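The values are calculated or read from the model by the stated rules, or taken from the named source; none is laboratory data. Just so we're clear, the structure is a prediction, and the values are computed from it rather than from any experiment. Backbone-built Cβ (ideal geometry, glycine too); neighbour counts: all protein chains shown.
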Amino acid sequence: MRVSVIGCGHLGAPHAAAMAELGHEVIGVELDKDKCAALSAGIAPFYEDGFGELLAKHVGSGRLRFSTDLAEAADFAEMHFLAVGTPLREDGCGYDISCLTGVVESLAPLLWRPCTIVGKSTITIGTVAALQRIIDARSTIGEIELVWNPEFLREGHAVQDSLSPDRIVVGVSSAAAQKAMEEVYAPILARGVEMIVTDPATAELVKSAANAFLCTKISYINALSEACSLVDADVNTVAHAIGIDERIGHAGMRPGIGYGGGCLPKDVAAFSHRLGELGADRARALLESVRDVNAARIAIAVELIERAHGGPLDGVPVAFLGASFKAGTSDLRHSPALALVDRLIALGARPVIHDPEAIPGLRRQRPDLRCADTVEEALTGADVVVIATEWPQFTKDASLPALASAAARGRVLVDVRNAVEADPWSANGWHVWQLGRPALHPQHGIAAPAGAGAR
């Protein structure tokens with residue numbers, strides 16, 4: 001099938017590459033000329049695990065090309081995926097869908113043959129009906145199907161989730177639209193992946209409900225970590241024990257500094273606001289509580305760092321490992337790691353930041369921050385080491401504790417992601433502090449500070 005993907009950011013570009021991998025002929029439309037040029041050369045403009053390799057493969061194979069011209073895509077493709085950004089409005093009360101409606105307004109009159117428009121951008125309840133009215137008003141032909149096909153991609157796993165999703169949801173209004181979706185996803189459906197066929201309104205709600213529940217789960221374990229801190233209990237053991245119950249599960253049950261990125265913060269905010277508009281007040285109150293727990297995580301992390309250091313952070317050099325909102329991506333949007341950096345700076349700390357993928361983007365976006373190109377550079381002279389993004393380079397590298405011992409001035413590690421194995425650090429003389437867990441002190445028997453639990 002000949003496919004276009006309109007909007008080639010963190011959602012659209014991996015989707016375009018995945019469509020090519022499935023055997024389709026694909027054109028990606030990206031209005032940012034610099035980004036379009038990079039994609040056309042097979043160069044990923046951002047880091048997403050596995051994306052750079054897949055992009056280069058299919059730009060090279062000829063199955064995938066990019067353009068800034070929407071008319072070119074309209075002329076070429078029989079199916080058009082909409083993947084433009086829908087950021088949170090400035091008032092925080094819903095999505096700004098102006099780019100999405102603008103694309104539909106521009107695309108509809110360019111279409112000259114029967115085709116399918118497939119929305120993947122995140123939207124709120126009622127948007128599909130509004131887009132359908134635009135198509136009806138601006139199209140010169142009557143055989144344009146509008147489908148809503150929400151994405152459930154995890155950043156850092158976008159390629160994997162595009163090629164091997166756990167489910168495909170399509171909101172359709174006709175048998176023809178369903179047939180088109182079955183055709184485009186045929187290689188995936190042949191492997192036994194379920195396609196959930198429903199109406200557009202239900203498809204809209206599924207995405208909002210899924211992300212809101214994930215935020216609820218993350219905030220729940222973070223709230224429990226606060227309780228664990230008060231009684232010197234171990235939240236990791238609590239999470240493991242309750243996660244064995246298949247009704248609960250382990251996924252998403254690691255406490256940290258909160259959810260971030262381009263989806264979860266805006267999705268739970270927009271969904272909460274829309275629930276209020278619809279009169280679902282109890283559901284809205286629940287999600288407002290979820291947001292409150294998440295918002296408090298940065299202050300709690302700061303308190304832990306101060307406690308680990310043994311006093312105020314004014315003038316304290318901090319090796320800050322991690323800037324992206326999660327491992328596997330260079331995405332800095334709504335990064336809780338950066339929110340924590342800003343809070344530390346406000347307290348007078350002197351953080352030096354290293355991230356294996358996000359430093360180029362961080363230097364462009366935040367030239368005021370001190371960045372390091374290597375872990376060792378960030379560690380040198382630090383009194384405190386903070387692991388703020390769960391990159392395996394920070395959490396799995398067995399050589400890091402010894403490297404940190406040689407470079408850092410202090411022996412205090414604060415893991416605000418609960419992602420490291422603490423024993424190797426303790427064996428190298430480090431005091432290890434994690435959210436919701438008793439502190440672990442060096443194995444040669446250094447006593448815990450007063451009031452702190454020890455492992």
Which condition breaks for LEU321 when tested against (1) in contact with a strand residue (DSSP E or B) (Cβ under 6 Å, 6 or more places away or on another chain); (2) among the aliphatic types (A, V, I, L, M); (3) more than 20 Å from GLY436 (Cβ to Cβ)?
(3)
Could you check, for segment 100-115, whether at least one of its residues is within 21 Å of LEU278 (Cβ to Cβ) and of a type in the set (Phe, Trp, Tyr)?
no
Restricting the search to segment 416-431, which residues are part of a helix (DSSP H, G or I) and either of a type in the set (A, V, I, L, M, F, W, C) or not assigned by TED's automatic domain parsing to the domain that holds ALA323 (or both)?
ALA422, TRP425, ALA427
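Conditions (1) under 16 Å from GLU376 (Cβ atoms); (2) of a type in the set (S, T, N, Q), marked per residue:
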| position | (1), (2) |
| --- | --- |
| TRP391 | yes, no |
| ASP397 | yes, no |
| VAL420 | no, no |
| ASN428 | yes, yes |
For segment 156-187: of the residues being among the small types (Gly, Ala, Ser) and not in a loop (DSSP other than H, G, I, E, B), which is nearest to PRO356 (Cα to Cα)?
ALA158
All positions within segment 27-64 that are assigned to a helix (DSSP H, G or I) and either farther than 10 Å from ALA17 by Cα or basic (Lys, Arg) (or both)
LYS33, ASP34, LYS35, CYS36, ALA37, ALA38, LEU39, SER40, LYS57, GLY60, SER61
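Matching residues to (1) more than 27 Å from HIS10 (Cβ to Cβ); (2) small (Gly, Ala, Ser); (3) outside the structural domain of GLY348 (by TED's automatic domain parsing):
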| position | (1), (2), (3) |
| --- | --- |
| ALA239 | yes, yes, yes |
| GLU246 | yes, no, yes |
| ARG254 | no, no, yes |
| GLY261 | no, yes, yes |
| VAL268 | no, no, yes |
| VAL290 | no, no, yes |
| ILE305 | yes, no, no |
| LEU313 | yes, no, no |
Residues to consider are ALA346, ALA406, ALA402, ALA337; find the one that is of a type in the set (Gly, Ala, Ser) and farther than 29 Å from PRO442 by Cα.
ALA346
For residues in segment 391-415 being assigned to a loop (DSSP other than H, G, I, E, B) and of a type in the set (A, V, I, L, M, F, W, C), which is farthest from ARG297 (Cα to Cα)?
ALA398
Anything in segment 138-167 that is within 19 Å of VAL5 (Cβ to Cβ) and over 19 Å from the mean Cα position of the chain (by Cα)? List them, or say none.
ILE144, GLU145, LEU146, VAL147, TRP148
Which condition does ALA339 not pass, out of (1) under 27 Å from ASP232 (Cα atoms); (2) modelled with pLDDT under 95; (3) surrounded by fewer than 23 Cβ atoms within 10 Å (Cβ to Cβ), if it passes all the others?
(2)
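crowded, with 22+ Cβ neighbours inside 10 Å and under 23 Å from PHE46 (Cα atoms) - does that describe any residue in segment 367-374? Break it down into steps so the answer makes sense when it comes.
Of segment 367-374, the ones crowded, with 22+ Cβ neighbours inside 10 Å are none.
No, because not a single residue in segment 367-374 is crowded, with 22+ Cβ neighbours inside 10 Å and under 23 Å from PHE46 (Cα atoms).
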Does GLY381 fit the bill of being touching a Pro at 6+ places or on another chain (Cβ under 8 Å), touching a residue at least 12 places away in the same chain (Cβ under 8 Å), assigned to a loop (DSSP other than H, G, I, E, B) and more than 26 Å from SER426 (Cβ to Cβ)?
no
Check off (1) free of Cβ contacts under 8 Å to residues at least 40 places away in the same chain; (2) within 28 Å of the chain's Cα centre (by Cα); (3) buried (at least 18 other Cβ atoms within 10 Å of the Cβ) for ASP199 and give me the number that stays unchecked.
(3)
Residues being on the phi > 0 side of the Ramachandran plot and in contact (Cβ under 8 Å) with a residue 60 or more places away in the chain: count how many of those fall in segment 13-62.
2
Given the residues GLY50, GLY23, GLY42, GLY9, which is the only one that is under 19 Å from ASP161 (Cα atoms), over 20 Å from the mean Cα position of the chain (by Cα) and surrounded by fewer than 24 Cβ atoms within 10 Å (Cβ to Cβ)?
GLY23
Would you confirm whether any residue within segment 43-57 is at pLDDT 95 or above and under 19 Å from SER106 (Cβ atoms)?
no
